[in-house]
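Undergrad: Have a look at this one.
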Amino acid sequence: MKCDPTLYRATTPSLAVKPRLIRHLFLPPLIIALMIGLGYVGFWTSEHFGIRSLGENGQRQLELHARAVESEISKYTYLPSLLELESSVSQLLDDPSAEHRQTVNEYLDGLNRRSRSRAIYVMDTTGRVVATSNWRDVDSYLGEDLSFRAYFQNAVRGQPGRFYGIGSTSGEPGYYLAHGLEEHGKIIGVAVVKVRLEAMEERWQRARLEAFVSDENGIIILSSDPARRLKSVVPLSDAIKEKLARSLQYYWFPLNELQPLARETLAEGVEKLTFPANSEVKADEEDISYLAQTRPLSDTQWNFTLLTPLQDLRREAINQGILVAVAFALVAFLLIAWNERRKVIATRLAAREALQEANNQLERRITERTADLRASNDRLKSQIRERRQAEETLRRAQDELVQAGKLAAIGQMSTSIAHELNQPLAAMRTLSGNTIRFLERGQLDVASTNLKTINDLIDRMGRITASLRAFARRGDDKGRASLGKAVDAALQVLGARLENTALQLHRQFDDVQVQIDQTRLEQILLNLIGNALDAMQAQPLPELWLEGEEFDGKYRLRVRDNGHGIDAEARKHLFEPFFTTKPGEQGLGLGLTLSASLAAATGGHLGVEHPASGGTTFVLSLPLVSPTPAEPI
Ligand code: ADP
């Protein structure tokens, strides 16, 4: 897969940093703002719908309890009119004698007990109480003038007197129902029933219902909460207050307004009221909100108000708001996490693709290089093959040359060999002739000495031929040779020539073991010492130094002479085959070439130095078998 390199190319720092910075700076406040906003929307929605649901439920409750209040009130409506039927009452009003009064008092007392009202009493048209159910009590109404009471004023005019007020005698609140008693179409007096409605308050309290009833003046006359009693639900001007105080309807109780902290009209007859917390009960309690639903009570000018607390709803709405905010935060967090993860995966994918591409490229290159290498390897192999073939050819040629060199050396040395062998042969002939004669004479001692000498001569001849055989034999490139023995062998081969010179030989080397065939080493040394002897032919005091030293795992033997040395021109061609400065049949020009190649074949080297003091030094380096040098020879 080809990957677009622009995908993972590094963006310019300034451009890359800015959006990230903006994101980091503005994202958290934005999320928090959205959290708060959505939380508020959640809260508002929950509260709104909660209030609606509470309102619907409250409406049913309102209806139920309002009906209960209406029935409680209407229960006594008929009672004062009943007194119209009672003849003793009209007699009393006609003739207020003590006897009549007593009869009516007792009648009213019995009626009051049965009807469970608070008091029943009868007034004349002037407003004076002429008979009462509580005639026995200390605070009896008997003889009291209640003409100032509004219910009396209405009833005496033939209108129904309905009145809630606080008794001027007992100071006890009650509901007064008054009825004008008629006789022959004329009102002769007024019958009043006082009813206590507190039972309803107790019922509300037991049912944990918060409700109140406000009268025509807007004054709360019944309340589940005693603190709200005799408070006004409408604003009261000073004039009205004055008027109400003078009417003594509420006795001398101070009339204050019920002042909520907040009032919000939600619909017709539906309000949201917030009251301050009752700080005496709980200092840290929060303000209390209510849903207030009001409905007028039939047959009266009163209103029934049901209060539904909104705390639970509010708490639930707050919880809903928090839930919405937290849910949003969670969703936002998940989205951010998902986005980050997506980015990480995208980066990883891009990196993987880049890696894959790089890998593919690498593999392509490796394949190309491998092909190149294989081709060059094949070339090298064929070159190696060619070189090996050439080397093989060369080695064969070298072997041939070595053999040729040996043969040449044998040819060259045949004279001296013949001379070397002829001498002992001549001596042996003479000695053997003499020995025969000494034996004939019986001189056995002399004959024995001669035979011993002959034996020595035969040994010597055997050694010479053995050396020549070894020289002529093809040897191995690798082997083990003793330097001391090789020098001895070479000197032995050259023995005849050495005898004719006053050579001074300096042996300063160790009898070390070197890695070369013994015969080949002897052959090299024979060449080097032979050449030195040739160079020193004209030297009256010929000297030959054989100096050895160990160097870097090899043994270095210097063969130095004080001969005529080598001129500059000859130095260039020394190791070339068939280069010789020797006249006629004396030199073949193969000695140095073969010696150098024999040394090189074992990992050694043959070099030349030209000392300033004169003469020539050939340096033969051969690998040591054992690095520890033997005893000096
Ligand atoms: P050859 O002995 O048959 O000439 P070599 O290869 O052994 O062949 O020697 C080549 C030439 O190197 C000799 O002809 C001689 O001129 C020169 N040479 C070799 N050794 C010495 C030496 N020790 N001193 C002077 N010249 C030498």
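Undergrad: With each pseudo-label sitting 7 Å past Cα toward Cβ, what's the Arg364-Ala397 distance in nm, one decimal?
TA: The two pseudo-label positions are separated by 5.0 nm.
Undergrad: Could you state the number of Å between the C-alpha centres of segment 432-450 and segment 229-269?
TA: Between the Cα centres of segment 229-269 and segment 432-450 lies a distance of 186 Å.
Undergrad: Per residue of segment 527-535, in order, report the coupling 6.51 cos²θ - 1.76 cosθ + 1.60 (Karplus, θ = phi - 60°) as ³J(HN,Hα) in whole Hz, putting x for Gly and Pro.
TA: 4, 5, 5, x, 4, 4, 5, 4, 5
Undergrad: Can you list residues from other chains, or at least 5 along the same chain, whose modelled amide H is less than 5 Å from the amide H of Gly189?
TA: Leu181
Undergrad: How much length is gained if the chain between Ala390 and Asp94 is pulled fully straight, taking 0.36 nm per residue apart and subtracting their Cα-Cα distance, in nm to one decimal?
TA: The Ala390-Asp94 span can extend by a further 89.2 nm.
Undergrad: Can you give me the long-range amide H partners of Ser289? Hydrogens built in the peptide plane at 1.01 Å from N, cutoff under 5 Å, separation of 5 or more residues or another chain.
TA: Under 5 Å from the amide H of Ser289 lie the amide H atoms of Phe275, Leu310, Gln311, each far enough along the sequence or on another chain.
Undergrad: Here is a further query. In debye to the nearest 20, how big a dipole does segment 133-189 give about its Cα centre with +1 on each Lys and Arg Cβ and -1 on each Asp and Glu Cβ?
TA: Details: 5 positive and 7 negative charges, 50 e Å.
Here the size comes out at about 240 debye.
Undergrad: Sticking with this one: Per DSSP helix of 4 or more residues, -39500 (n - 2.57); summed, then divided by the residues of the chain. What does that give at 222 nm, rounded to the nearest 500?
TA: Estimated from H runs of four or more residues: -18500 deg cm²/dmol.
Undergrad: For the residue pair Glu550 and Leu457, what label-to-label distance in nm results when each label sits 7 Å from Cα along the Cα-to-beta-carbon direction?
TA: Output for this residue pair reads 4.6 nm.
Undergrad: Nearest 10 degrees, 0 to 90: what angle lies between the long axis of helix 311-441 and the longest principal axis of the chain (Cα atoms)?
TA: Around 10 degrees separate the two axes.
Undergrad: Next question. Across segment 72-208, what fraction of all alpha-carbon pairs, as a whole percent, falls in each successive 10 Å bin from zero upward?
TA: 13, 46, 32, 7, 2, 0
Undergrad: What is the extension gain from Arg136 to Leu209, computed as 0.36 nm multiplied by their sequence separation minus the C-alpha to C-alpha distance, in nm to one decimal?
TA: Stretched fully, the Arg136-Leu209 segment lengthens by 22.5 nm.
Undergrad: If R₀ is 30 angstrom, what is the calculated FRET efficiency for the pair Arg342 and Arg315, using the beta carbon separation as r and rounding to 0.05?
TA: Details: r = 40 Å, r/R0 = 1.33.
Step by step, r from the Cβ atoms, then E = 0.15.
Undergrad: Right, another one. Under 5 Å between amide hydrogens, which residues at least 5 positions from Leu266 or on another chain qualify, with H placed 1.01 Å from N in the peptide plane?
TA: Close amide H contacts, sequence-distant or interchain: Glu271, Lys272.
Undergrad: Kindly sort Trp252, Trp338 by accessible area of their heavy atoms, largest first, with the probe set to 1.4 Å.
TA: Descending order: Trp252, Trp338.
Undergrad: FRET efficiency for Leu21 and Ala354, Cβ-Cβ distance as r, R0 = 22 Å, nearest 0.05?
TA: So, using R0 = 22 Å, E works out to roughly 0.25.
Undergrad: Now for a separate question. Starting from the Cα-Cα distance between Thr45 and Glu242, subtract it from 0.36 nm times their residue separation and give me the gain in nm to one decimal.
TA: 66.3 nm
Undergrad: Using a Förster distance of 41 angstrom, determine the FRET efficiency expected from the C-beta separation of Gln508 and Arg437, and round it to 0.05.
TA: Calculated value: 0.25.
Undergrad: Continuing with this model, one more query. Let me know the Rg and Dmax you get for the chain when you use only its Cα atoms, in Å.
TA: Cα only, the chain: 76.4, 230 Å (Rg, Dmax).
Undergrad: Per-residue accessible area for Glu391 at 1.4 Å probe radius, Å² rounded to 10?
TA: Counting only protein heavy atoms, Glu391 exposes about 100 Å² to solvent.
Undergrad: Follow-up question, since we're still on this one. Which pairs in the list Lys241/Lys272; Lys452/Lys485; Lys243/Lys272; Lys194/Lys241; Lys194/Lys231; Lys194/Lys272 are over 32 Å apart, alpha-carbon to alpha-carbon? Numbers along the way, then the final one.
TA: Details: Lys241/Lys272 26 Å; Lys452/Lys485 26 Å; Lys243/Lys272 30 Å; Lys194/Lys241 24 Å; Lys194/Lys231 22 Å; Lys194/Lys272 35 Å.
Correct reply: Lys194/Lys272.
The values are calculated or read from the model by the stated rules, or taken from the named source; none is laboratory data. Keep in mind the model is a prediction, meaning the values are calculated, not measured. Reconstructed Cβ throughout: ideal geometry from the backbone, glycine too, with neighbour counts over all protein chains shown. Each accessible area value is taken on the protein alone, full model and side chains, heavy atoms only, with ligands, DNA and RNA left out. Shrake-Rupley method; radii C 1.70, N 1.55, O 1.52, S 1.80 Å.
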